[in-house]
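Please treat every number below as a calculation from the coordinates, not as lab data. Note that the coordinates shown come from a computational prediction; the quantities given were computed from them, not determined experimentally. Cβ placement follows ideal geometry from the backbone for every residue including glycine, while neighbour counts extend to all protein chains displayed.
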Amino acid sequence: MSVARFDFSWGDSEYHQQTLENLKESIKSTKKLCAVMLDTVGAEMQVVNKNETSISLQADSQVVLTPDQGQEASSEILPINFDGLAKSVKKGDTIFVGQYLFTGSETTSVWLEVAEISGQDVVCTIKNSATLAGALFTLHASQIHIDLPTLTEKDKEVISTWGVKNKIDFLSLSYTRHAEDVREAREFLSKLGDLSQTQIFAKIENVEGLTHFDEILQEADGIILSRGNLGIDLPPEKVFYFQKSALYKCNMAGKPAVLTRVVDSMTDNLRPTRAEATDVANAVLDGSDAILLGAETLRGLYPVETISTVGKICSEAEKVFNQDLYFKKTVKFVGEPMTHLESIASSAVRAAIKVKASVIICFTSSGRAARLIAKYRPTMPVLSVVIPRLKTNQLKWSFSGAFEARQSLIVRGLFPMLADPRHPAESTSASNESILKVALDHGKASGVIKPHDRVVICQKVGDASVVKIIELED
């Protein structure tokens, strides 16, 4: 596991804090880095079932969706948390109600068709029989604009309290529909001081987000394709096309792309279906940087086995990834003249492939150089040696580097380590050799580097960026 997502659609701050404390203990005991992502609620419509009683819905019957949350949920009426639904939908529109993080195999999901608008109420015909059982149900109106803010007041409160307290590495911005959503979130984070470095991942969940994908990608630090909700908004035969297109654009922009909903069946089963196993592999071949697990690890019976299985499939898929074709395609897309950093990054990858290097070691302060190298998808790991820098906000001194190292964890093929801040990589020859030895020892300990291997080094020497090749002795 590289990143832990804390989803505030589910559970309160106290619940998530306890989980985070468990994570911190695990990080200490395993000595492995793990980043923290806060997932907002956003413009999410929910069924309000205060008593959490089971609700039986029969096909061809009718049910009323009402914003009157004072009413009790039943087979005839479902209170919701949005009073503008009647203005947003029309007769014939499709509405989906399902258990939060539904897998599709439950009998707890129902499709509705709008039959009539009655004031603020929406009367719907039930298309399939189902029993709504559980604590949280979400409502999704297909291809309909919902007039709810992307960053709600509840989201802002959680970010400014729980997020600041725990110095989150990533913010998953649910239901991102426009670039302005990302800009507003970034402005909000910048006012919180400690979260000014937090990266924003735009979560694309509907057609509106896909329509404005290019402008969103330009503003965001990364993209999460929420295939569960997209699968409701899009015709099934179109999902693969938008996935491939979105991943390609992320790859060419050098921004991480995350896919959701890959092994839903492992929520209740020890092994994925053959279709799911193939889907995970295709996600890797299409260019995904990371896989985000949901129901499988939230309420699933086999969370550890799920992570292990998905990891093994990803590893096998990476072995057959056509790096040569990808490299040529990326270089062509970038065009000429390249920027200085882009040229160094592509040259480092080209050199590593030509000499069959076992690893690329990149010294970096911001992490940008290492991410650019990883953008070209080298066949060998990229060891990002993050050099801490001393900084001040006029009230206290602190070292940078921890954010940058953890944020590298979500980038495919990038393995970060924090260097000793007493030895900046661009200073003297002696300190360069000292920090390089630490990096090489780290690579040997992890089994990536062996005697007589060739290693490509990318670093700054004075004002110059240098790529060099070394061959190790016994």
* To do: Kindly state, as a whole number, the per residue volume in cubic angstrom of the convex hull around the alpha carbon atoms of the stretch 67-123.
  => 98
* Structure fact -> Length gained, ALA115-TYR248, 0.36 nm per residue minus C-alpha separation, equals 43.9 nm
* Label-point separation, LEU192 to TYR326 (7 Å along Cα→Cβ), nm -> 3.2
* Asked: Hey, if you drop one equal point scatterer on each alpha-carbon of the stretch 244-376 and run the Debye formula without solvent, what base-10 log of I(q)/I(0) do you get at q = 0.14, 0.17, 0.18 Å⁻¹?
  -> -0.72, -0.95, -1.01
* To do: Scan the stretch 120-218 for trypsin sites (Lys or Arg not before Pro) in coil per DSSP, keeping those whose Cβ has at most 12 other Cβ atoms within 10 Å, and list them by number.
  => LYS191
* Can you list which of the trypsin sites (Lys or Arg not before Pro) found in the stretch 64-102 are DSSP loop residues with at most 11 other C-beta atoms within 10 Å? => LYS90, LYS91
* Taking LYS238 as the anchor, which lysines have their alpha carbon closer than 21 Å to its alpha carbon, excluding any fewer than eight residues away along the same chain? -> LYS203, LYS249
* For GLN143, what charge total do you get from the other residues with a beta carbon under 13 Å from its beta carbon, if Lys and Arg give +1 and Asp and Glu give -1? -> -1
* CD proxy at 222 nm, helix term only [per DSSP H run n ≥ 4: -39500 (n - 2.57); per residue of the chain; nearest 500] -> -10500 deg cm²/dmol
* **Gap separating the Cα centres of the stretch 335-382 and the stretch 91-163, nearest whole Å** => 44
* Dipole magnitude of the stretch 45-141 about its Cα centre (Cβ charges: Lys, Arg +1; Asp, Glu -1), debye to nearest 20 -> 200
* In the stretch 191-241, GluC sites (Glu not before Pro) in a DSSP loop with at most 12 other beta-carbon atoms within 10 Å -> none
* **Using θ = phi - 60° and Karplus 6.51 cos²θ - 1.76 cosθ + 1.60, couplings along the stretch 451-457 (whole Hz; Gly, Pro as x)** => x, 6, 5, 9, 10, 9, 10
* Structure fact -> Taking only the Cα positions of the stretch 45-141, the convex hull volume per residue in Å³ is 79
* May I ask you to give the average projected area over all directions of the convex hull of the Cα atoms of the chain, in nm² rounded to one decimal? => 24.0
* **Theoretical gain in end-to-end length, SER29 to ALA59 [0.36 nm per residue, Cα-Cα removed]** => 5.6 nm
* To do: Kindly flag which residue pairs out of LYS312/LYS444; LYS244/LYS468; LYS154/LYS191; LYS312/LYS468 have an alpha-carbon separation exceeding 26 Å in this structure.
  => LYS244/LYS468; LYS312/LYS468
* Specify the inter-centroid distance of the stretch 176-242 and the stretch 34-50, based on alpha-carbon positions, in whole Å. => 15
* Asked: Of LEU259, ASN269, GLY231, whose Cα points farthest to the positive end of the dipole of the chain (charges on the beta-carbon: +1 Lys, Arg; -1 Asp, Glu; origin at the Cα centre)?
  -> LEU259
* Asked: Taking the simple approach of a point 7 Å from Cα along Cα-to-Cβ for both GLU318 and ARG350, what is their distance in nm?
  -> 2.5
* Asked: Among the aspartates and glutamates, which fall within straight-line cross-link reach of LYS332, defined as a Cα-Cα distance under 13 Å, with same-chain neighbours fewer than 8 residues apart omitted?
  -> ASP324, GLU342
* In straight Cα distance, which aspartates and glutamates are under 17 Å from LYS31, not counting same-chain residues fewer than 8 positions off? -> GLU21, ASP420, ASP441
* Report the antiparallel proportion of the DSSP beta bridges in the chain as a percent, rounded to a multiple of 5. => 50
* Structure fact -> Mean separation of Cα contacts under 8 Å (at least 6 apart) over the residue count of the chain, i.e. the relative contact order in percent, is 10
* Sequence-separation-based contact order of the stretch 60-128, relative, with Cα cut under 8 Å and 6+ spacing, percent -> 37
* To do: Report the local net charge at ALA59: Lys and Arg +1, Asp and Glu -1, summed over other residues whose C-beta lies under 14 Å from its C-beta.
  => -1
* Nearest 20 debye, what's the magnitude of the dipole of the chain about its Cα centre given +1 on Lys and Arg Cβ and -1 on Asp and Glu Cβ? -> 2240
* Structure fact -> LYS328 neighbourhood, Cβ < 12 Å, K/R = +1, D/E = -1, net charge +3
* **Calculated over the stretch 312-385: convex hull of Cα atoms, volume per residue (Å³)** => 98
* Please find the FRET efficiency linking LYS87 to MET1, where r is the Cβ-Cβ separation and R0 is fixed at 51 Å, and quote it to the nearest 0.05. => 0.75
* To do: Just name one of TRP162, THR379, PRO79: the one whose Cα is farthest towards the positive end of the charge dipole of the chain (beta-carbon charges, Lys/Arg +1, Asp/Glu -1).
  => THR379
